[in-house]
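Participant: Got a structure for you, questions after.
What follows draws every value from the coordinates through simple rules; no lab data is involved. These figures come from a predicted structure and were not determined experimentally.
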Amino acid sequence: MCTIMTTTGSLTTVPEFEEAFARTKYRGPDDTRLVDTAEQRVLPAEARDRGISGSCRRGIMGFHRLSIMGLTPEGMQPFLKNGCSVVCNGELYGFEKMKRELESEGYTFMSGSDCELLLPLWFEHGTDMFNMLDAEFACVIYDGRTDEFIAARDPIGIRPLYYGYDGEGCIAFASEPKSLLGICGRIMPFPPGCYWRNGEFIRYRDMTFVRGYPRPPLKAAML
């Protein structure tokens, strides 16, 4: 199941983030990790009594882990790579084929976690990756190369994701609304089949769109 949460501004301090994030610890009881996206480092428990400063595009990523795949410590999220980070509650089906393809491109992996593929996929395909995934997922990516956040949810909305805006107008994301209470005013469900980038929701797949209708033989239709 797992829980993810991300703030993108400097208004929320680490203690405030941790207190809000703890409300959904039951979804991921095995481990917890917070990452400072501005500095691209894991925040140790003894350092969480300080605030985080930074621009509106830099914040905190959190993950409560329910260990299912990639059970070693190396499979713990958020994943960090090349100045970027990602956190995901999801399952990527048939990821082994994608993993082999990425390995052939020179990528190496530290765990057996399917979600470790997300940053390499982002580097190779950008937002096109979301339409490529056979998956149920809710994820947030921080791209340190461009200093921006990108969030996405699977087309059916199997994995929950909510969003709101803090007092600075910076967006925040979480698996459950209760994690955003006290940080955001109005809290809304993230639309399925969309990704968020540069302040805009963009639909990458519409499951209600009909491309055509089957035309059975007349005899079959009369039976």
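Participant: Can you pull a Stokes-Einstein diffusion coefficient for the chain at 10 °C (1.306 mPa s), Rh from Kirkwood over Cα pairs, as a whole number of µm²/s?
Facilitator: 88 µm²/s
Participant: Pick from Pro155, Pro15, Pro177: which is most flexible by mean-square fluctuation in a GNM of the chain where alpha carbon atoms under 10 Å apart are linked?
Facilitator: Checking each option, the largest mean-square fluctuation is seen for Pro15.
Participant: Mind telling me which of Ala152, Ala172, Ala20 comes out most flexible in a GNM of the chain, alpha-carbon contacts under 10 Å?
Facilitator: Checking each option, the largest mean-square fluctuation is seen for Ala20.
Participant: Same structure again: Short version: ³J(HN,Hα) in whole Hz for each residue of region 187-195, in order, from phi by Karplus 6.51 cos²θ - 1.76 cosθ + 1.60 (θ = phi - 60°), x for Gly and Pro, what are they?
Facilitator: 10, 10, x, 6, x, x, x, 10, 10
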